[in-house]
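Input: a single structure, listed below in structure tokens.
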Amino acid sequence: MGPTQASKCFCLYELTLTLLYLSAANAQYPIMDAIAKNIIQKYQTSSCEQLYQQKAEKQQPSSEDEQKATGLLRGDPQMRQAFICKIAAPIANKLFDCGLFHDRTLRTLFRSAWKESL
């Protein structure tokens, strides 16, 4: 095997390891992934009017399943971070599109981001 073939084999090996790592990372929390997918789908398929109504209605007490999920996220900071990273952008974009992100909220986010960048 020449140097070029060895280098190709090594690159293929590295690529395979990277793909395996990424697959394992995505499969680390399959239940959390399913819950996040459902939440994202709920926001993406809801109309702005439906989101306005949900916001205006009094918040109902959490179901037993929601309480269990919240407990899991509180008990596992890495899972919580993965969950928030997965749902934050799609939900924030929908709220922004619907006008549910208030100017004050945006100003606060920009200020904190600005301070962190300095």
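Here, each number is a calculation from the coordinates, and none is a lab measurement. All values derive from a computational prediction rather than experimental measurement. Counting neighbours? That spans all protein chains shown, and the Cβs are built from the backbone with ideal geometry, glycine included.
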Practice task
Arrange Cys98, Cys85 by Cβ neighbour counts within 10 Å, fewest through most, would you?
Solution key: Cys85, Cys98
Fill in the blank from the handout: For Thr105, Thr45, ascending order of other Cβ atoms within 10 Å (fewest first) is Thr45, Thr105
Fill in the blank from the handout: Among Lys42/Lys68; Lys37/Lys115; Lys55/Lys86; Lys86/Lys115, the pairs whose Cα-Cα distance exceeds 27 Å are Lys37/Lys115
